[in-house]
1. Looking at segment 89-107, which of its residues are in contact with a Phe, Trp or Tyr (Cβ under 9 Å, 6 or more places away or on another chain) and over 16 Å from Ala218 (Cα atoms)?
2. For residues that are without any contact (Cβ under 8 Å) to a residue 60 or more places away in the chain and in contact with a helix residue (DSSP H, G or I) (Cβ under 8 Å, 6 or more places away or on another chain), scanning just segment 156-181, find the one that is farthest from Tyr119 (Cα to Cα).
3. Looking only at segment 155-208, count every residue that is under 30 Å from Thr219 (Cα atoms) and part of a loop (DSSP other than H, G, I, E, B) and tell me the total.
4. Check whether at least one residue in segment 228-246 is among the small types (Gly, Ala, Ser) and over 30 Å from Asp87 (Cβ atoms), and report yes or no.
5. Does Arg234 satisfy the criteria of being farther than 21 Å from Ile18 by Cβ, in contact (Cβ under 8 Å) with a residue 40 or more places away in the chain and in a helix (DSSP H, G or I)?
6. Residues that are among the β-branched types (Val, Ile, Thr) and in contact (Cβ under 8 Å) with a residue 60 or more places away in the chain: find the helices (runs of 4 or more DSSP H) completely inside segment 48-154 holding 2 or more of those.
7. Give the residues of segment 81-116 that are crowded, with 19+ Cβ neighbours inside 10 Å and of a type in the set (Gly, Ala, Ser), sorted by residue number.
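The values are calculated or read from the model by the stated rules, or taken from the named source; none is laboratory data. Computed from a prediction, not measured in an experiment: that's the story for all the values here. Glycine also receives a Cβ, built like all others from the backbone with ideal geometry; neighbour counts cover every protein chain displayed.
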Amino acid sequence: MSTLETIPNSKKEVLVEILLRLADDRLILGHRLSEWAGHAPELEEDLALANIALDMIGHASALYGYAAQLEDKPDEDHYAYFRDDIDFKNIALTELPRGDFAFTTARLFLFSTFSYLLYNNITQVIEEEQFNGIIKKHFNEIKYHLRHSREWVLRLGDGTDLSKLKIQQAIDDLWMYTGEMFETDKTENLAAGYNLFIDVPVLKNEWMKWVTETLEEATLKTPDNNQYMFTGSRQGRHTEHLGRLLAEMQFLRRSYPDADWK
């Protein structure tokens with residue numbers, strides 16, 4: 001049985017699982033954003049996306065670092081570079097290919113809206129001091145990610161006919177991957193019982209409200225929320241895109257596992 005199919009028992013195991021879920025989302029999306037370096041439509045946005053990518057990878061590093069401390073691993077590299085795709089716990093939304101600028105903007109907005117609501121709520125319930133401190137520190141940067149991506153959704157939606165078409169298509173294409181953000185399972189239920197997490201489905205109505213209000217302001221349409229939703233990524237059932245991303249991201253580190261990079 002894969003470790004992903006095993007329900008953690010102790011509070012420490014549950015905490016590690018939550019840390020990895022949060023970290024994997026941010027590592028993978030951070031990597032996708034980093035692919036825009038030198039390719040954004042304007043220099044200022046090139047720098048902005050690079051900084052957001054660094055924020056997310058930095059968030060992942062801190063979360064991995066704490067997980068490594070709890071599991072007595074050498075460092076955070078173990079989680080980023082020496083796990084296979086089936087062991088990653090990120091939602092599929094984060095691993096989809098880079099796409100065009102409208103796709104990147106829409107994905108960042110949808111994910112950042114969820115991250116803002118999640119982090120704002122879990123800081124109020126987490127009793128584990130170090131975990132709470134990490135989340136509070138990262139929350140300030142998530143506020144910027146949301147503000148920046150929302151401004152671009154408005155600019156593209158209320159811009160030219162072409163920009164409106166592209167951002168609407170991106171929202172429509174991404175919608176089937178948003179359902180995973182609000183799924184819960186036994187691990188998250190245990191985490192909520194330990195005051196390490198919240199019941200994430202309670203965030204869905206507020207997320208929908210925020211997203212719908214932004215899309216209306218941008219003169220865009222909100223997709224049908226009753227359509228098919230992709231599922232299974234938290235349990236290791238990913239799209240084919242994650243394996244290709246990891247092959248690129250992990251190649252050098254796995255080729256020289258004993259190298260000193262400092």
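1. Ile91, Ala92, Leu93, Thr94, Glu95, Leu96, Pro97, Arg98, Phe101, Thr104 - these are the residues of segment 89-107 that are in contact with a Phe, Trp or Tyr (Cβ under 9 Å, 6 or more places away or on another chain) and over 16 Å from Ala218 (Cα atoms).
2. Top of the filtered list is Lys164.
3. Residues meeting the conditions: 5.
4. Narrowing segment 228-246 to residues among the small types (Gly, Ala, Ser): 232-233, 236, 243.
Keeping just the survivors that are over 30 Å from Asp87 (Cβ atoms) gives none.
No, segment 228-246 has no match at all.
5. Against the criterion (farther than 21 Å from Ile18 by Cβ, in contact (Cβ under 8 Å) with a residue 40 or more places away in the chain and in a helix (DSSP H, G or I)), Arg234 does not qualify.
6. Those helices (runs of 4 or more DSSP H) span 101-122.
7. If the condition is that a residue be crowded, with 19+ Cβ neighbours inside 10 Å and of a type in the set (Gly, Ala, Ser), then Ala92, Ala102, Ala106, Ser112, Ser115 are the ones that fit.
The rows are residues; the columns are (1) at pLDDT below 95; (2) surrounded by 16 or more Cβ atoms within 10 Å (Cβ to Cβ); (3) farther than 16 Å from Phe103 by Cα.
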site: Gly30; (1), (2), (3): no, yes, no
site: Ala37; (1), (2), (3): yes, no, no
site: Gly65; (1), (2), (3): no, yes, yes
site: Ala68; (1), (2), (3): no, yes, yes
